[in-house]
Amino acid sequence: MTGAVVTVAWAAGAALWWQADRASTPLAGDVEAPVTVAATRLVVGSCLAELPPDGEVSQVRVVPCADEHRAQVVARTDFGADEVWHGQEGVSARVAKVCTPGVLGPDAPDGVDLVVWAPTDASWSGGDRTGLCLAGGDEPLPADLLG
């Protein structure tokens with residue numbers, strides 16, 4: 001009976017490891033179909049159906065950039081794995097340095113705002129070391145702001 005319990009515990013542990021690993025695996029670029037993913041999987045170029053309201057974001061709906069979307073990841077910055085937590089203001093300020101109008105270029109459409117997504121204390125503790133800059137607006141964005 002002990003062998004069965006160990007096997008179940010191992011299988012449950014492996015499933016949790018697989019889910020945690022998958023939640024942190026970056027997307028492969030533009031997606032072929034809409035998908036809901038952990039925000040930690042976003043990469044430069046990812047297009048979002050909606051820009052979530054201010055606050056902590058755990059999951060987002062990623063859509064092909066050719067589909068209607070209201071936000072796109074336009075820049076990122078990475079913190080070193082061994083860096084210490086600089087506090088929310090410090091981390092957000094560092095991400096804001098890559099989130100400037102220059103990332104959109106001179107042909108940026110009107111009405112597009114830049115939004116900083118920085119790791120929180122809790123996500124930092126979980127290994128999140130990526131800050132993102134998103135361009136978004138109330139109106140749908142052109143197919144791809146970067147291309």
Is there a residue in the range 36-52 that is loosely packed, with under 11 Cβ neighbours inside 10 Å and modelled with pLDDT of 95 or more?
yes
Within the range 62-80, of all residues that are small (Gly, Ala, Ser) and surrounded by fewer than 17 Cβ atoms within 10 Å (Cβ to Cβ), the one farthest from residue 47 (Cα to Cα) is 80
Hits in the range 38-81 - residues which are among the hydrophobic types (A, V, I, L, M, F, W, C) and free of Cβ contacts under 8 Å to residues at least 60 places away in the same chain:
38, 43, 49, 60, 62, 63, 75, 79, 81
Please give the number of the condition residue 26 fails out of (1) surrounded by 10 or more Cβ atoms within 10 Å (Cβ to Cβ); (2) within 21 Å of residue 140 (Cβ to Cβ); (3) modelled with pLDDT under 95.
(2)
Hey, can you tell me all the residues within the range 42-60 that are in contact with a helix residue (DSSP H, G or I) (Cβ under 7 Å, 6 or more places away or on another chain) and either outside any loop (DSSP other than H, G, I, E, B) or under 17 Å from residue 135 (Cα atoms) (or both)?
57, 59, 60
Out of the residues in the range 82-95 that are free of Cβ contacts under 8 Å to residues at least 12 places away in the same chain and part of a loop (DSSP other than H, G, I, E, B), which is surrounded by the fewest Cβ atoms within 10 Å (Cβ to Cβ)?
82
Please work out if residue 76 is under 11 Å from the mean Cα position of the chain (by Cα), among the charged types (D, E, K, R) and not in a loop (DSSP other than H, G, I, E, B).
yes
The condition of being surrounded by 14 or more Cβ atoms within 10 Å (Cβ to Cβ), in contact with a Cys (Cβ under 7 Å, 6 or more places away or on another chain) and over 18 Å from residue 37 (Cβ atoms) holds, among 145, 104, 141, 114, only for 114
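The values are calculated or read from the model by the stated rules, or taken from the named source; none is laboratory data. Since this is a predicted model, take the numbers as computed values, not measurements. A quick note on method: Cβ atoms are made from the backbone with ideal geometry, for glycine too, and the neighbour counts reach across all protein chains shown.
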